[in-house]
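Colleague: Below is the structure I would like to discuss, written out as C-alpha coordinates.
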Amino acid sequence: PACHDQVYQSHDQVNQCHDKVSHESTSLEAHPGTRLALSWAHAGCAAGHPGSEIPMVSRPVCKHYRRQGGACHFGAACWFRHPDDLPPSDKQEHKRSFGGRRRVLRNAGSSSCFRRWLLDQFGSDRLREGTGVLDVGGGKGELAFQMRNLSGVTCTVVDPRPLQLRQYSARFVKGMYHRNGAVSRQHQIAFEPGKLPEPPGQIRMYFDEPALRILHSREDVLRSNEWAGHYERSVARSRATMWTRKGLCVHEDGLLEQEEAQDEHEEVDEGGMDMEAGQALEVLLGCSMVVGLHPDQAAEPIVDHALALGVPFAVVPCCVYSAEFPKRKHLGQPVRSYEELLAYLMAKHRGIKSERLEFEGKNTCLYWDPLGD
(Lines give C-alpha, C1' and ligand atoms only; values in the text may rest on other atoms or scores of the structure.)
Protein backbone atom coordinates (compact mmCIF):
# COMPACT_ATOMS: atom_id res chain seq x y z
CA PRO A 1 0.00 0.00 0.00
CA ALA A 2 0.97 3.63 -0.42
CA CYS A 3 2.80 5.26 2.45
CA HIS A 4 -0.11 7.39 3.60
CA ASP A 5 -2.42 4.36 3.86
CA GLN A 6 -0.68 3.55 7.13
CA VAL A 7 -0.42 6.89 8.90
CA TYR A 8 1.13 6.36 12.32
CA GLN A 9 -0.29 8.46 15.12
CA SER A 10 3.11 9.23 16.53
CA HIS A 11 5.66 11.93 15.93
CA ASP A 12 8.40 9.28 15.83
CA GLN A 13 7.28 7.46 12.69
CA VAL A 14 5.26 8.72 9.78
CA ASN A 15 4.42 5.65 7.77
CA GLN A 16 5.47 2.16 6.79
CA CYS A 17 8.80 3.37 5.36
CA HIS A 18 9.77 4.35 8.92
CA ASP A 19 11.08 7.78 7.96
CA LYS A 20 11.26 10.40 10.68
CA VAL A 21 8.87 13.32 10.66
CA SER A 22 10.60 16.28 9.02
CA HIS A 23 9.82 19.52 7.24
CA GLU A 24 8.82 17.44 4.22
CA SER A 25 5.93 15.99 6.21
CA THR A 26 2.54 17.59 6.35
CA SER A 27 -0.49 17.24 8.58
CA LEU A 28 -3.74 15.60 7.66
CA GLU A 29 -7.09 16.15 9.30
CA ALA A 30 -7.68 13.52 11.92
CA HIS A 31 -9.71 10.43 11.15
CA PRO A 32 -13.00 10.12 13.05
CA GLY A 33 -12.34 8.38 16.32
CA THR A 34 -8.58 8.90 16.36
CA ARG A 35 -6.81 9.95 19.54
CA LEU A 36 -4.69 12.76 18.18
CA ALA A 37 -5.83 15.99 16.63
CA LEU A 38 -3.43 15.55 13.72
CA SER A 39 -2.02 12.66 11.74
CA TRP A 40 1.19 12.93 9.74
CA ALA A 41 2.26 11.72 6.31
CA HIS A 42 4.72 12.64 3.57
CA ALA A 43 3.24 15.44 1.50
CA GLY A 44 4.15 13.74 -1.76
CA CYS A 45 2.73 10.37 -0.73
CA ALA A 46 -0.55 11.81 0.49
CA ALA A 47 -1.06 14.19 -2.41
CA GLY A 48 -0.23 11.55 -5.02
CA HIS A 49 -2.53 8.84 -3.74
CA PRO A 50 -5.63 8.60 -5.97
CA GLY A 51 -8.98 8.28 -4.30
CA SER A 52 -7.73 9.20 -0.85
CA GLU A 53 -10.52 10.02 1.58
CA ILE A 54 -8.12 11.98 3.79
CA PRO A 55 -8.34 15.61 2.69
CA MET A 56 -5.10 17.55 2.49
CA VAL A 57 -4.99 20.67 4.64
CA SER A 58 -2.49 23.48 4.94
CA ARG A 59 0.21 23.43 7.56
CA PRO A 60 -1.17 23.71 11.10
CA VAL A 61 -1.18 26.99 12.96
CA CYS A 62 1.81 27.33 15.27
CA LYS A 63 0.59 26.57 18.79
CA HIS A 64 2.98 29.10 20.31
CA TYR A 65 1.84 31.80 17.87
CA ARG A 66 -1.78 31.00 18.68
CA ARG A 67 -1.42 30.81 22.44
CA GLN A 68 0.81 33.86 22.76
CA GLY A 69 -1.35 36.14 20.69
CA GLY A 70 0.90 36.30 17.64
CA ALA A 71 4.36 35.67 19.09
CA CYS A 72 6.79 32.88 18.20
CA HIS A 73 10.53 32.72 18.91
CA PHE A 74 11.18 31.07 15.54
CA GLY A 75 9.60 33.95 13.59
CA ALA A 76 9.69 33.49 9.84
CA ALA A 77 11.80 30.33 10.23
CA CYS A 78 8.91 28.49 11.91
CA TRP A 79 7.56 25.66 9.74
CA PHE A 80 4.01 26.12 11.05
CA ARG A 81 1.64 28.84 9.91
CA HIS A 82 1.45 32.30 11.51
CA PRO A 83 -1.89 33.64 10.17
CA ASP A 84 -2.81 37.29 10.57
CA ASP A 85 -6.48 36.48 11.15
CA LEU A 86 -6.27 34.72 14.51
CA PRO A 87 -9.68 34.24 16.14
CA PRO A 88 -10.36 36.95 18.75
CA SER A 89 -10.50 34.38 21.55
CA ASP A 90 -6.89 33.35 20.79
CA LYS A 91 -5.64 36.91 21.16
CA GLN A 92 -7.03 37.36 24.64
CA GLU A 93 -4.85 37.19 27.73
CA HIS A 94 -5.29 33.87 29.51
CA LYS A 95 -5.02 33.40 33.23
CA ARG A 96 -1.79 31.69 34.26
CA SER A 97 -2.79 28.54 36.09
CA PHE A 98 -1.59 24.97 36.16
CA GLY A 99 -3.36 22.86 33.59
CA GLY A 100 -4.52 25.85 31.57
CA ARG A 101 -3.22 27.75 28.59
CA ARG A 102 -0.17 29.90 29.23
CA ARG A 103 1.62 32.93 27.88
CA VAL A 104 4.68 32.19 30.02
CA LEU A 105 7.02 29.27 30.70
CA ARG A 106 6.33 26.74 33.38
CA ASN A 107 8.45 27.09 36.48
CA ALA A 108 10.60 24.22 35.19
CA GLY A 109 11.96 26.59 32.53
CA SER A 110 12.73 29.41 34.94
CA SER A 111 16.50 28.79 35.01
CA SER A 112 16.80 29.05 31.22
CA CYS A 113 14.64 32.15 31.16
CA PHE A 114 16.65 33.79 33.96
CA ARG A 115 19.97 32.94 32.28
CA ARG A 116 18.92 34.46 28.97
CA TRP A 117 17.70 37.57 30.76
CA LEU A 118 21.03 37.95 32.60
CA LEU A 119 22.96 37.68 29.34
CA ASP A 120 20.73 40.22 27.61
CA GLN A 121 20.84 42.63 30.54
CA PHE A 122 24.53 42.49 31.51
CA GLY A 123 26.34 40.76 28.65
CA SER A 124 28.55 37.68 28.78
CA ASP A 125 31.81 39.66 28.90
CA ARG A 126 30.88 41.35 32.17
CA LEU A 127 29.68 38.10 33.69
CA ARG A 128 33.02 36.44 32.89
CA GLU A 129 35.02 39.03 34.83
CA GLY A 130 36.82 38.16 38.06
CA THR A 131 35.91 34.79 39.51
CA GLY A 132 32.59 34.73 37.67
CA VAL A 133 28.99 34.72 38.84
CA LEU A 134 27.82 33.68 42.31
CA ASP A 135 24.57 31.72 42.18
CA VAL A 136 23.40 31.96 45.78
CA GLY A 137 20.74 29.45 46.77
CA GLY A 138 21.30 27.66 43.47
CA GLY A 139 19.86 24.36 44.72
CA LYS A 140 20.59 21.48 42.36
CA GLY A 141 22.77 23.73 40.20
CA GLU A 142 20.71 24.05 37.03
CA LEU A 143 21.39 27.76 36.43
CA ALA A 144 25.12 27.41 37.11
CA PHE A 145 25.29 24.32 34.88
CA GLN A 146 23.72 26.18 31.97
CA MET A 147 25.88 29.24 32.54
CA ARG A 148 29.04 27.14 32.37
CA ASN A 149 28.16 24.76 29.54
CA LEU A 150 25.87 26.83 27.32
CA SER A 151 27.14 30.37 27.84
CA GLY A 152 30.79 29.83 28.77
CA VAL A 153 30.41 31.82 32.00
CA THR A 154 32.04 30.57 35.20
CA CYS A 155 29.31 30.27 37.81
CA THR A 156 29.73 29.03 41.37
CA VAL A 157 26.81 27.75 43.43
CA VAL A 158 26.68 28.95 47.04
CA ASP A 159 24.23 26.65 48.78
CA PRO A 160 24.37 24.18 51.69
CA ARG A 161 22.40 21.64 49.66
CA PRO A 162 24.24 19.10 47.46
CA LEU A 163 24.33 19.57 43.70
CA GLN A 164 22.31 17.15 41.56
CA LEU A 165 23.50 17.50 37.98
CA ARG A 166 22.78 14.08 36.51
CA GLN A 167 19.65 15.03 34.59
CA TYR A 168 21.22 18.21 33.20
CA SER A 169 24.31 16.31 32.09
CA ALA A 170 22.16 13.74 30.30
CA ARG A 171 20.29 16.50 28.45
CA PHE A 172 23.57 18.11 27.45
CA VAL A 173 25.13 14.90 26.11
CA LYS A 174 21.99 14.17 24.06
CA GLY A 175 21.99 17.67 22.60
CA MET A 176 18.60 18.53 24.05
CA TYR A 177 19.67 22.06 24.96
CA HIS A 178 20.44 22.77 21.29
CA ARG A 179 17.37 21.26 19.64
CA ASN A 180 15.29 24.43 19.74
CA GLY A 181 16.89 26.71 17.18
CA ALA A 182 15.08 29.78 18.47
CA VAL A 183 16.69 29.37 21.90
CA SER A 184 20.01 27.75 20.96
CA ARG A 185 20.95 30.81 18.90
CA GLN A 186 21.59 32.49 22.25
CA HIS A 187 24.04 29.78 23.36
CA GLN A 188 27.68 30.83 23.14
CA ILE A 189 28.81 27.19 23.05
CA ALA A 190 27.70 24.99 20.14
CA PHE A 191 26.77 21.35 20.53
CA GLU A 192 29.58 18.87 19.95
CA PRO A 193 28.64 15.16 19.83
CA GLY A 194 30.49 13.19 22.46
CA LYS A 195 31.52 16.24 24.49
CA LEU A 196 30.95 15.91 28.24
CA PRO A 197 29.73 18.88 30.32
CA GLU A 198 31.81 20.54 33.00
CA PRO A 199 30.23 20.68 36.47
CA PRO A 200 30.01 24.11 38.10
CA GLY A 201 31.90 24.83 41.27
CA GLN A 202 30.19 24.92 44.63
CA ILE A 203 30.76 26.58 47.96
CA ARG A 204 28.67 24.38 50.21
CA MET A 205 27.90 26.73 53.08
CA TYR A 206 25.15 28.88 54.55
CA PHE A 207 25.18 32.36 53.03
CA ASP A 208 23.83 34.30 55.99
CA GLU A 209 24.47 37.35 58.17
CA PRO A 210 27.36 35.82 60.18
CA ALA A 211 29.17 34.97 56.94
CA LEU A 212 28.61 38.47 55.53
CA ARG A 213 29.87 40.10 58.73
CA ILE A 214 33.24 38.38 58.22
CA LEU A 215 33.34 38.86 54.45
CA HIS A 216 32.73 42.59 54.75
CA SER A 217 35.24 43.15 57.54
CA ARG A 218 37.61 46.02 56.77
CA GLU A 219 40.56 44.31 58.41
CA ASP A 220 42.08 41.73 56.07
CA VAL A 221 44.00 39.92 58.79
CA LEU A 222 40.96 39.63 61.04
CA ARG A 223 38.81 38.50 58.14
CA SER A 224 41.30 35.84 57.10
CA ASN A 225 41.64 34.43 60.60
CA GLU A 226 37.91 34.38 61.33
CA TRP A 227 36.91 33.12 57.90
CA ALA A 228 38.71 29.78 58.03
CA GLY A 229 36.99 28.73 61.24
CA HIS A 230 33.57 29.99 60.19
CA TYR A 231 33.81 28.34 56.78
CA GLU A 232 34.77 24.95 58.21
CA ARG A 233 31.89 25.07 60.69
CA SER A 234 29.41 26.10 58.00
CA VAL A 235 30.51 23.29 55.64
CA ALA A 236 30.30 20.76 58.47
CA ARG A 237 26.84 22.00 59.35
CA SER A 238 25.76 21.68 55.71
CA ARG A 239 26.96 18.08 55.51
CA ALA A 240 25.36 17.22 58.83
CA THR A 241 22.00 18.39 57.53
CA MET A 242 19.74 15.84 55.87
CA TRP A 243 18.18 17.16 52.68
CA THR A 244 15.12 15.67 50.99
CA ARG A 245 12.80 16.41 48.09
CA LYS A 246 10.89 18.59 50.56
CA GLY A 247 13.99 20.56 51.56
CA LEU A 248 15.42 20.61 55.06
CA CYS A 249 14.13 17.59 56.97
CA VAL A 250 16.43 16.95 59.90
CA HIS A 251 19.43 18.72 61.34
CA GLU A 252 22.10 17.50 63.72
CA ASP A 253 19.80 18.66 66.52
CA GLY A 254 17.12 16.22 65.32
CA LEU A 255 14.23 18.39 64.17
CA LEU A 256 12.32 15.36 62.87
CA GLU A 257 12.45 11.68 63.57
CA GLN A 258 15.17 9.80 61.70
CA GLU A 259 12.72 7.24 60.31
CA GLU A 260 10.58 9.95 58.74
CA ALA A 261 13.65 11.67 57.31
CA GLN A 262 15.08 8.48 55.80
CA ASP A 263 11.89 7.88 53.83
CA GLU A 264 12.45 11.09 51.88
CA HIS A 265 16.25 11.23 52.03
CA GLU A 266 17.78 12.44 48.75
CA GLU A 267 21.43 13.21 49.49
CA VAL A 268 23.17 13.15 46.11
CA ASP A 269 26.34 15.23 46.05
CA GLU A 270 27.60 15.61 42.47
CA GLY A 271 29.62 18.77 43.00
CA GLY A 272 32.99 17.24 43.80
CA MET A 273 35.29 18.15 46.67
CA ASP A 274 34.68 21.07 49.01
CA MET A 275 36.64 24.22 48.25
CA GLU A 276 39.42 25.23 50.56
CA ALA A 277 38.62 28.21 52.78
CA GLY A 278 41.07 30.47 50.99
CA GLN A 279 39.74 29.62 47.55
CA ALA A 280 36.15 30.10 48.69
CA LEU A 281 37.04 33.52 50.11
CA GLU A 282 38.64 34.53 46.81
CA VAL A 283 35.58 33.43 44.80
CA LEU A 284 33.12 35.19 47.12
CA LEU A 285 35.02 38.49 47.08
CA GLY A 286 36.14 38.46 43.44
CA CYS A 287 32.81 37.71 41.76
CA SER A 288 31.48 39.64 38.78
CA MET A 289 27.86 39.45 39.90
CA VAL A 290 25.60 37.92 42.54
CA VAL A 291 22.38 36.24 41.42
CA GLY A 292 19.64 34.21 43.04
CA LEU A 293 16.58 32.49 41.61
CA HIS A 294 14.17 31.73 44.44
CA PRO A 295 17.02 31.71 46.98
CA ASP A 296 14.76 31.35 50.04
CA GLN A 297 16.35 33.00 53.09
CA ALA A 298 19.35 34.26 51.10
CA ALA A 299 17.48 36.98 49.17
CA GLU A 300 18.58 39.80 51.49
CA PRO A 301 22.21 38.58 51.83
CA ILE A 302 22.46 38.59 48.03
CA VAL A 303 21.52 42.26 47.91
CA ASP A 304 23.75 43.19 50.85
CA HIS A 305 26.78 41.34 49.48
CA ALA A 306 26.53 42.86 46.00
CA LEU A 307 26.06 46.38 47.35
CA ALA A 308 29.04 45.95 49.69
CA LEU A 309 31.28 44.78 46.81
CA GLY A 310 29.89 47.25 44.29
CA VAL A 311 28.99 44.54 41.77
CA PRO A 312 25.65 43.98 40.00
CA PHE A 313 23.02 41.66 41.42
CA ALA A 314 19.77 40.11 40.23
CA VAL A 315 17.50 38.24 42.59
CA VAL A 316 14.05 36.72 42.18
CA PRO A 317 12.72 36.43 45.76
CA CYS A 318 10.19 33.80 46.68
CA CYS A 319 9.17 33.22 50.28
CA VAL A 320 9.13 35.95 52.95
CA TYR A 321 10.18 33.94 56.04
CA SER A 322 8.76 36.60 58.33
CA ALA A 323 9.05 34.35 61.41
CA GLU A 324 12.78 33.87 60.81
CA PHE A 325 13.41 37.60 60.29
CA PRO A 326 11.16 39.41 62.81
CA LYS A 327 13.42 42.49 62.86
CA ARG A 328 12.76 43.36 59.22
CA LYS A 329 10.81 46.62 59.03
CA HIS A 330 9.54 48.64 56.09
CA LEU A 331 8.03 52.05 56.81
CA GLY A 332 7.97 51.08 60.45
CA GLN A 333 5.93 47.92 59.89
CA PRO A 334 7.05 44.26 59.98
CA VAL A 335 7.74 42.68 56.59
CA ARG A 336 5.15 39.92 56.28
CA SER A 337 3.92 39.84 52.68
CA TYR A 338 5.69 39.27 49.37
CA GLU A 339 5.00 42.83 48.24
CA GLU A 340 6.45 44.16 51.49
CA LEU A 341 9.56 42.03 51.00
CA LEU A 342 10.10 43.48 47.52
CA ALA A 343 9.66 47.02 48.84
CA TYR A 344 12.02 46.31 51.75
CA LEU A 345 14.77 45.06 49.45
CA MET A 346 14.33 47.88 46.94
CA ALA A 347 14.66 50.43 49.74
CA LYS A 348 18.29 49.35 50.28
CA HIS A 349 19.45 51.43 47.27
CA ARG A 350 17.75 54.04 45.11
CA GLY A 351 19.11 52.43 41.95
CA ILE A 352 17.45 49.04 42.41
CA LYS A 353 14.97 48.27 39.63
CA SER A 354 12.38 45.55 39.13
CA GLU A 355 11.22 43.57 36.13
CA ARG A 356 8.88 40.64 35.69
CA LEU A 357 10.33 37.62 33.95
CA GLU A 358 8.42 35.29 31.65
CA PHE A 359 7.89 32.19 33.74
CA GLU A 360 5.31 30.99 36.23
CA GLY A 361 5.22 31.58 39.94
CA LYS A 362 7.16 34.31 41.73
CA ASN A 363 8.82 36.06 38.80
CA THR A 364 9.64 39.59 39.96
CA CYS A 365 13.37 40.21 39.48
CA LEU A 366 15.08 42.92 41.51
CA TYR A 367 18.38 44.03 40.02
CA TRP A 368 21.03 46.70 40.33
CA ASP A 369 23.79 47.71 37.96
CA PRO A 370 26.40 50.10 39.36
CA LEU A 371 27.26 51.25 35.80
CA GLY A 372 23.70 52.37 35.20
CA ASP A 373 23.15 53.96 38.60
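Colleague: Within the set of pairs 6 or more residues apart or between chains, which connect a residue that is of a type in the set (Ser, Thr, Tyr) inside the range 286-303 to a residue that is assigned to a helix (DSSP H, G or I) with Cβ atoms less than 7 Å apart?
Modeller: Qualifying pairs under 7 Å: Ser288/Arg126; Ser288/Leu127.
Colleague: Among the charged types (D, E, K, R), open to solvent by less than 70 Å² (accessible area, probe 1.4 Å), touching a helix residue (DSSP H, G or I) at 6+ places or on another chain (Cβ under 7 Å) and under 26 Å from Gly141 (Cβ atoms), is that true of Glu360?
Modeller: Here the answer is yes, as Glu360 does meet what is asked.
Colleague: Filter the range 213-227 for residues that are among the hydrophobic types (A, V, I, L, M, F, W, C) and either open to solvent by 40 Å² or more (accessible area, probe 1.4 Å) or under 29 Å from the mean Cα position of the chain (by Cα) (or both); which is modelled with the lowest pLDDT? Give the derivation first.
Modeller: So in the range 213-227, the residues among the hydrophobic types (A, V, I, L, M, F, W, C) come out as 214-215, 221-222, 227.
Now restrict to residues that are either open to solvent by 40 Å² or more (accessible area, probe 1.4 Å) or under 29 Å from the mean Cα position of the chain (by Cα) (or both): 215, 221-222.
Working: Leu215: 92, Val221: 57, Leu222: 64.
Looking at residues that are among the hydrophobic types (A, V, I, L, M, F, W, C) and either open to solvent by 40 Å² or more (accessible area, probe 1.4 Å) or under 29 Å from the mean Cα position of the chain (by Cα) (or both), I get Val221.
Colleague: Give the range 75-102 a look and list any residue that's at pLDDT 50 or above, surrounded by 13 or more Cβ atoms within 10 Å (Cβ to Cβ) and touching a His at 6+ places or on another chain (Cβ under 9 Å), or say none.
Modeller: Cys78, Phe80
Colleague: With a cut-off of at least 1 residues that are farther than 18 Å from Arg204 by Cβ and at pLDDT below 90, name the helices (runs of 4 or more DSSP H) lying wholly within the range 229-334. Can you show your working first?
Modeller: Numbers: elements: 258-264, 277-285, 299-309.
Of the helices (runs of 4 or more DSSP H) lying wholly inside the range 229-334, those with at least 1 residues that are farther than 18 Å from Arg204 by Cβ and at pLDDT below 90 span 258-264.
The values are calculated or read from the model by the stated rules, or taken from the named source; none is laboratory data. A quick note: this is a predicted structure, and the numbers were derived from the prediction, not measured. Cβ atoms come from the backbone with ideal geometry, glycine included; neighbour counts cover every protein chain shown. Protein only, heavy atoms only, side chains kept; ligands, DNA and RNA dropped before computing areas. Shrake-Rupley method; radii C 1.70, N 1.55, O 1.52, S 1.80 Å.
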